[in-house]
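These notes concern the structure reproduced below.
The values are calculated or read from the model by the stated rules, or taken from the named source; none is laboratory data. Because the structure is predicted, anything quoted here is derived from the model rather than measured. A quick note on method: Cβ atoms are made from the backbone with ideal geometry, for glycine too, and the neighbour counts reach across all protein chains shown. Each accessible area value is taken on the protein alone, full model and side chains, heavy atoms only, with ligands, DNA and RNA left out. Shrake-Rupley method; radii C 1.70, N 1.55, O 1.52, S 1.80 Å.
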Amino acid sequence: MDVGQTVLKETEIEKHLNVAQSLITQFVVVSTGKSESNTEIAGTRRRFVSTVSTAGTKSTNKVELTNTVAAINAGDGMLSLAQHGLVYKTRRAAAVALAVGDLFAEQTGLDALVKKNAGGSLAGEEADRFRSLVESSSYVVAFTASAYLLQMLPEEGEPATDVAEPDFLFDTPQDALKGLIACIHAAVEGASDDKVMTARARAAARLALDELLQRRARFTGLGSFEQTHLRHESDGFELNGFDVAPGAKRTKLVMQFKKPNEIIGNHIAKYQAIKLSKMLMAYDFDRQMNPFVELGGFLFTFIGDGSPGTGKTILIQMIAGMINDYCEVAGYGFTYENFGVDQISSYQGKSGQNCKQFVSNVLGTKTIGFGTVDDIDQVAAKRSDDRSSAGQQEVTAVLMESFAGANTVVRGNCSFGMFSNYPENVDDALRQRAGARWLVDGPQTRDDYIDIFALLAGKNHSIPLGDHDLFDAQVIQRAVGEAYAELSKPKEDGMVAVYDRFLNDIGEPKSLADIGTYLHMIKTAEPRFTGRAIKNITDAIKMRAMDIELPDEWFETPDVFMHQDYDTKRDMIAELRSPFTMDMVMQEINRYADSEFRYTDKSDNAAVEEIIRRERQREKAIGEMEAMKKDGRW
């Protein structure tokens, strides 16, 4: 069971079925006059807009959702499965929402005021509070019904974009529901088929949520609902306060998880992945903050790059598997999502919507989240690339805004990983929003190759191992120590030249001024080494200062660490950290700067190879033209 979860009982919903049934059968709604005509322009869903204002005029409209849905396929006397699903789920949404309204009334004391008002004894401030809470209750009911429909209606086909916004009244919860159902009724009326009907209904629910969130500040007394974490098990419906966006129903994560001992090589990437998995579990659901964010060292975004077949996918499987196992021990919800090329759409704006939904799902504050963007060079385009699709450009914009935008809030309950074989093809600004760089280079040494072959070959043989200590080279602490020691000097040719010049001019660094000089020299050699790069390096240094191994015992049972309060978690973590050293600083500078020079070199090499290929083609074409001239064919 999730932390702080409220279970909605079926008996509480059944009390409202009669009211919900009446809402989908027939009711009359009063609407404000608009300048749109009731007659559609032929061949479109658009309506003529008059230049004569009719704003302020009132009209009544009969809403019969069941009959309207049945009329979509008038030749059949029965509702199709999709039509029945829409009608049933709308009725269910109304009943569930009214039940949630009852819970809200109990939390705020509205139920007592309702009883007192029945006797006609409310006056003054008490009467004002009563009216305010009734309006807030109506708002909560409308929000819940919209969220329910958005979760329960399947996402099929292209989204509808010409659905009119709802006209809400918040005098009573029933009035608020009438506004939502009238919006759905208008959206599905005249739909050409079931897919269009469902898409329009989903669009109406989404539009209603957006409209409600814009009005949220007008209502008082919503604080208790903000912390509500509610679930109805049989429907699979979840409501986490006003978290935007409940999308499709979540299914149990199905993935071929990997254990750390099944990864050979990639020592630093594997070590930091293990640390990240444990960091996420320090998140405090009550405070909605992670001590690692406050103390420093939390990894919100990272990018892993390496040649094909070096282990990026298996690294994702390892991280997801570790977080999933920890969440099962703690009883936390776990959200894993991957954004891939299949979510790039030819429909304008759809790719951006898909990406925004992906980010929102992972960011949800009521679960531990891990989001990945595999092959990001194919998913997100460089802004300067005129050959990329509009959908790829939309994704780039959404990811940049989400990872380090003005409204980005890092709480420490989730992390995003970008992976690519060709990171030099990723937009520079997006790539620099990755707080850490993981070089996923696979097995490197002789011992690594012996270990990986022995691991993958299995035990169905009698071939002797030979002179080798199996998996000894993979002992994580020693392997990582050796890997970090190698970073004391850079590896890329461009960085080696800068490093040698720095040692010749300054000598071994001893102060912050020396470090600043080194960073400026790197900037001079590589213009893309900006202030954001310095921030990423300092974050990595802080992470090294937090280079502590949280004991496995903390994660075997939830009460030892994971279920402790925020202050206790922070103090437990703080006791383990130590100051960072000059060696750590130089290693992290070299590691990050190496990656920038590596990306530049790859990009330059690709451009050179393209020029060589074109020149070879040109020479071949000239030769063929000369031969054709000799034969008289030119």
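Here are a few things to note about the model shown:
- For the chain, the relative contact order works out to 12 percent when only alpha carbon pairs closer than 8 Å and six or more residues apart are counted.
- Sorted largest first, extent of the range 279-325 alpha carbons per principal axis (Å): 41, 23, 11
- Neighbour net charge for Phe529 - beta-carbon separation under 10 angstrom, K R +1, D E -1: +1
- Hz values of 3J(HN,Hα) by residue in the range 373-378 - Karplus curve (6.51, -1.76, 1.60), Gly and Pro given as x: 10, 7, 6, 5, 5, 8
- For the range 180-243, the relative contact order is 20 percent, taking Cα pairs closer than 8 Å that sit 6 or more residues apart in sequence and dividing their mean separation by the residue count.
- Nearest-10 value in Å² for the accessible area of Ile268, using the 1.4 Å probe: 30
- Candidate membrane-span-like segments in the chain, meaning DSSP H helices with Cα atoms spread over at least 30 Å of their own axis and a Kyte-Doolittle mean of -0.5 or above, are 81-108, 124-152, 194-215, with no membrane implied.
- Straight-distance candidates among the lysines for linking to Lys620, with alpha-carbon spacing under 17 Å and chain neighbours fewer than 8 residues away dropped: Lys629, Lys630.
- DSSP beta bridges confined to the chain are antiparallel in about 35 percent of cases.
- Each part gets one Cα centre, and for the range 521-594 versus the range 201-240 those centres are 37 Å apart.
- Sorted peptide list for 343-352, 200-209, criterion being average Cβ within 10 angstrom, highest first: 200-209, 343-352
- Working ranking of peptides 303-314, 122-133 by packing, defined as the average number of other Cβ atoms within 10 Å per residue, highest first, is 303-314, 122-133.
- Spatial separation of Cα centroids for the range 137-197 and the range 380-395, in angstrom: 33
- Set of lysines near Lys195 by C-alpha distance (under 20 Å), chain-local residues within fewer than 8 positions excluded: Lys89, Lys249, Lys350
- Calculated P(r) over Cα pairs in 10 Å bins from 0, in percent (choose from (1) 3, 13, 20, 21, 17, 13, 9, 4, 1, 0, 0, 0; (2) 3, 13, 20, 23, 20, 13, 6, 1, 0; (3) 3, 11, 16, 17, 15, 13, 10, 7, 5, 3, 1, 0, 0), label: (1)
- 18 Å Cα-Cα threshold exceeded, pairs from Lys259/Lys569; Lys356/Lys535; Lys382/Lys523; Lys278/Lys569: Lys259/Lys569; Lys356/Lys535; Lys382/Lys523
- Estimated purely from DSSP H runs of n ≥ 4, each contributing -39500 (n - 2.57), the mean residue ellipticity at 222 nm for the chain is -16500 deg cm²/dmol once divided by its residues.
- Of Trp438, Trp554, Trp634, the order by accessible heavy-atom surface (1.4 Å probe, DNA, RNA and ligands excluded), from most exposed downward, is Trp634, Trp554, Trp438.
- Close amide-amide hydrogen proximity is noted between Met418 and Phe302, Ile303, Gly304, Val373, each under 5 Å apart and 5 or more residues distant or on a separate chain (H modeled in the peptide plane; Pro and chain starts excluded).
- A simple packing score, the average count of other Cβ atoms within 10 Å per residue, orders the peptides 610-618, 180-188 as 180-188, 610-618, with the highest score first.
- Taking every alpha-carbon pair in the range 319-388 and binning the separations at 5 Å intervals from zero gives 3, 15, 20, 21, 15, 10, 8, 5, 2, 1 percent.
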